[in-house]
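Here, each number is a calculation from the coordinates, and none is a lab measurement. Bear in mind the structure is a predicted one, so any value in this text is a computation, not a measurement. FYI the Cβ positions are ideal-geometry reconstructions off the backbone, even for glycines, and counts take in every protein chain you see.
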Amino acid sequence: MELQFVAKDPGSEPSGSPTLYRTDRGFWVVQGWVVNDPDALAAMDIPAGESCVEIPDRLVPYFQLQP
């Protein structure tokens, strides 16, 4: 899989994380904060081999295909 950098969270200091990437397979890879709240995890059905991360609303506009 090849990753293309899309954006770092402009409002996160000092590391600029979370980060968005686009893959050469037409998918998104999201680097974010690990969700470890037991109630939130219990509300989701996360299969083995999957995980979830949290990102802020301010990154949503970056979820668009780049020309």
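Quote the charge dipole size of the chain about the Cα centre in Debye, to the nearest 20; the model charges only the Cβ of Lys and Arg (+1) and of Asp and Glu (-1).
Details: 4 positive and 10 negative charges, 66 e Å.
It works out to roughly 320 debye.
Hey, what's the Cα Rg ratio for the chain versus the globular rule of thumb, 2.2 N^0.38 Å?
Normalised Rg, Cα atoms only: 1.22.
What does the helix-only formula give at 222 nm for the chain: each DSSP H stretch with n ≥ 4 adding -39500 (n - 2.57), the total divided by the residues, and the result rounded to the nearest 500 deg cm²/dmol? If you can, show how the numbers build up before the last one.
Working: 1 runs with 5 residues, N = 67.
Rounded to the nearest 500, it is -1500 deg cm²/dmol.
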